[in-house]
Amino acid sequence: MFSKFRDFNSRSKIRRQINHIFLISVIVPVLTLGTFSAFYIRNLMLGHYTRQLHADGVRVNSILFELTTSIYSSIESIYKNTGYMLLLGSDFSTEKQHENYTSLYNHMDYLQKNAASISFIHIYTNNPDIKTSPLISYIDNYSGQDWYNNIPAKSFEAWERSTRTNNYGQEITELCFVQKLGVVSDKYSAYMVLCLDNNYLKNRIEQGSYKITASVNNKNLFYSSDVQDTSNTIPENNKKELTNILSFKSYKTNNIFYIGITDCSAYPAINRFTIVYTGIILLLTIIPSIIIISFSAFFGNRTNTLKCAMHQASLGDYDIIDNFKGDDELSDTFNYLKATVETIKKNTAIYYETLINNQRLANKQQQMEYNMLASQINPHFLYNTLETIRVQALTENCMNVVSSINLLGKSMHYVLENTGNNTTTLESELDYIKTYLAIQKLRFGDRVNAVFEIEDSCQLYSIYILPLLLQPIVENAIIHGLENIYGKGYITISIKNDKDILFISIKDNGNGMDSETLKQVRCKLESDEQENTKSIGLFNINQRIKLYYGNEYCLSINSTAGEGTEVTMSLPYSLIYRGE
């Protein structure tokens, strides 16, 4: 059977193969197992709730049996007292009867005050000679009493549901014990009525969230823990409320008590679980089904597209793919690939060989152009010419010209020497700046003066920086900073190391800038807008620092109108210091 399914499935489209396998291997097992698990766990939960209800019912049964038994025992000494029975069945005249009456009253009063379970105790008699008191009353007709109408005929003692009015004028329903007293008279009769306190009963039996109901002889309820319950019978087990009913026979009476323990949350909890569990099972099937169906559709479309694309590849349009096995749509595409493999390889080899040859020609052309430019403009030729002029000036004894040419030659030699180099020592860079300042002093005279402030800890010969970083800044300080200075102008170059950062600041004592101009210069420092601004060359310097050392290192400009401008450069000391 499996081989037949395999043969059938292998002849199907790939999309159908995936859907068939997924349906048989995933959907059917998950739904079957999930349905079985849901019913099984539901029955387990129902059994658990039922056992809990039964356990609580046994507890309530025990409490109620113990209460009724203790109450029965507590009044046994009354109805078995011959003196009391003689009192109720005869005239109330002798001194002895007065003593018996007082003793009976005190006995009942003691029970009412000291027995927390008793809310009401009273003796009713049709003997007109008995004095009426709060605990003993003469009554000519019992039929008007609720407790009397509920007791079975010819019953001498019974537990019954009774309704009475309490001391606050409220009508309450209680469990009452009615005992017919054996008076020594055929003419008269007497009944003792004792009621169980509902609050005491509530405190004893209510411990959880269960609804507890109780009745005697399966009649109307004498107790319900739900004060809003308007029914008069113990609820039956239904699909909304789980109820467990227990019963017991009272001590020395023929009454049967029925106790109903109801859990209103059991079925909702079980139903919630069933819904959630069913939802999870559905999600476990629906979501994968959507994914698999989407994937199979996508995969089927891919195979059809690949089949058409590979046919074009046989004409030299596309590259080859890996070999594969199977008896489906993808195997059809492989037939087209066989004819295209060699063609694609040859075309690819020819294509890349052509690109390499073209690139070689382009590189050769660039090299030729570079050599032509280098031969046309040779800075060494200019430097050698200056040296020749210097020698001639020295021969003619023109010392000023000799000094000027010497400074210019020294400056050009530094530029030539560092062209193409990545770094130079800070010491060499400062020597070049001193040379540059000497040339400017020949031009401007006393308007240009230099002051160098270098920390002792900075070993200039061991610090390597990018070449030609300082000259554009010094040039800006002279051209723009000292532009309108006609007295002594100063360029102060300070170098210090602070927290592993080397700070190089170049400050002039020129006119400075106002806040608006300074803001514009700072903005242009980050953008390549250099038309007639006070930041000529500073953009390039700032970009060189950021590109080489990182964006956290850069130039900063501070200026105060009338006091001058200071440009500060920050560099990573740990990267540029190469000392021992």
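A quick yes/no check of all residues on (1) crowded, with 16+ Cβ neighbours inside 10 Å; (2) under 21 Å from Leu555 (Cα atoms):
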| residue | (1), (2) |
| --- | --- |
| Leu437 | yes, no |
| Ile491 | yes, yes |
| Ser494 | yes, yes |
| Ile501 | no, yes |
| Gly510 | yes, yes |
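For region 124-146, a residue qualifies if it is acidic (Asp, Glu) and out of contact with any Ser or Thr (no Cβ under 9 Å at 6 or more places or on another chain), and exactly one does: Asp140.
Comparison of Ser119, Ser155 shows that the only residue that is more than 21 Å from Arg204 (Cα to Cα), open to solvent by 20 Å² or more (accessible area, probe 1.4 Å) and polar (S, T, N, Q) is Ser155.
Return yes when Ile541 is touching a Pro at 6+ places or on another chain (Cβ under 6 Å) and aliphatic (A, V, I, L, M) and no when it is not. Answer is yes for this residue.
Pairs linking a residue in region 253-278 that is more than 23 Å from Pro235 (Cβ to Cβ) to a residue that is part of a helix (DSSP H, G or I), with Cβ atoms under 6 Å and 6 or more positions apart or on different chains, are Tyr277/Ala38.
Consider region 225-272 and keep the residues that are charged (D, E, K, R) and within 22 Å of Asn199 (Cα to Cα). The one that is most open to solvent (accessible area, probe 1.4 Å) is Asp226. Only one of the numbered conditions (1) modelled with pLDDT of 90 or more; (2) out of contact with any Asp or Glu (no Cβ under 7 Å at 6 or more places or on another chain) is violated by Thr565, and that is (2). Counting only strands (runs of 3 or more DSSP E) that sit completely within region 175-273, those holding 2 or more residues that are more than 18 Å from Asp146 (Cα to Cα) correspond to 211-216, 242-249, 256-263. Does Asn127 satisfy being of a type outside the set (A, V, I, L, M, F, W, C) and closer than 19 Å to Thr82 by Cα? Criteria met by Asn127.
Only one of the numbered conditions (1) in contact (Cβ under 8 Å) with a residue 12 or more places away in the chain; (2) open to solvent by 10 Å² or more (accessible area, probe 1.4 Å); (3) over 15 Å from Ile545 (Cα atoms); (4) of a type outside the set (Asp, Glu) is not met by Leu468, and that is (3).
Going by what's in this entry, would Asp446 be described as closer than 22 Å to Tyr577 by Cβ, open to solvent by 40 Å² or more (accessible area, probe 1.4 Å) and charged (D, E, K, R)? Answer is no for this residue.
Within region 180-222, which residues are surrounded by 20 or more Cβ atoms within 10 Å (Cβ to Cβ) and within 49 Å of the chain's Cα centre (by Cα)? Of everything in region 180-222, those that are surrounded by 20 or more Cβ atoms within 10 Å (Cβ to Cβ) and within 49 Å of the chain's Cα centre (by Cα) turn out to be Leu201, Ile205, Tyr210, Ile212, Thr213.
The values are calculated or read from the model by the stated rules, or taken from the named source; none is laboratory data. It should be emphasised that the depicted structure is a prediction, and the values quoted were computed from it without experimental measurement. Don't worry about glycine lacking a Cβ; one is built from the backbone with ideal geometry, like all the others, and counts go over all protein chains shown. Just the protein is used for accessible areas: all its heavy atoms, side chains included, with ligands, DNA and RNA removed. Shrake-Rupley method; radii C 1.70, N 1.55, O 1.52, S 1.80 Å.
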